[in-house]
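J.: Sharing a structure with you now.
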Amino acid sequence: MHHEAGLRKLLADENTPQEAQDSLLAALKGDYTRAAISSADHAMLDYALKLTIAPASITADDIARLRVEGFTDRAIHDICAITAYFAFVNRIADGLGVELDEYVITVTDQ
């Protein structure tokens, strides 16, 4: 949820109308499988969710699906690394009792 501001900025930079931004963000927060995103983005999010919830269940078929969607080995590595990094950071924050609301970062134009 705290990445919403960054995504809104990217969408605004692409001239995405406010209503479309709101719709996409609501779908991503609720059920990303219903979001109006590309099949590649769906595959990426499916992979990230599986890696987060059941990492030992990742198979060669999961990687193959990403390749079919056009992801390179480098991109697959990056998706895996970013997903794993966020899992790590969230566990550190949870383990230390960090309250995210205290550390909201606002994205602004520089």
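J.: Considering the Cα positions of region 1-59, please state its Rg to one decimal place and its Dmax as a whole number of Å.
T.: Over region 1-59's Cα set, Rg and Dmax evaluate to 13.0, 40 Å.
J.: While we're here: Send over the semi-axes of region 38-103's equivalent ellipsoid, whole angstrom and largest first, taken as the square roots of 5 times the C-alpha gyration tensor eigenvalues. Intermediate values should be presented prior to the final figure.
T.: Working: eigenvalues 142, 30, 19 Å².
For region 38-103, the ellipsoid semi-axes come out as 27, 12, 10 Å.
J.: Taking Rh as the Kirkwood radius, which is the inverse of the mean 1/r over Cα pairs, what is the Rg/Rh value for the chain?
T.: Numbers: Rg = 15.6 Å, Rh = 15.8 Å.
Radius of gyration over Kirkwood radius for the chain works out to 0.99.
J.: Using r as the Cβ-Cβ distance of E4 and D61, and R0 as 35 Å, what FRET efficiency do you calculate, to the nearest 0.05?
T.: Numbers: r = 32 Å, r/R0 = 0.91.
Efficiency at R0 = 35 Å is approximately 0.65.
J.: On to the next question. Work out which GluC sites (Glu not before Pro) in the chain are exposed loop sites (DSSP not H, G, I, E or B, at most 14 other Cβ within 10 Å) and give the longest gap free of them. Spell out each step's value before the answer.
T.: Details: sites that count: E14, E99.
Counting only loop sites that pass the neighbour cut-off, the longest clear stretch is 15-98.
Every number in this text was worked out from the coordinates using simple rules, so none of it is lab data. Predicted model only: the values in this text are computed from it and were never measured. Cβ sites come from the backbone with ideal geometry, for glycine too, and all protein chains shown count toward neighbours.
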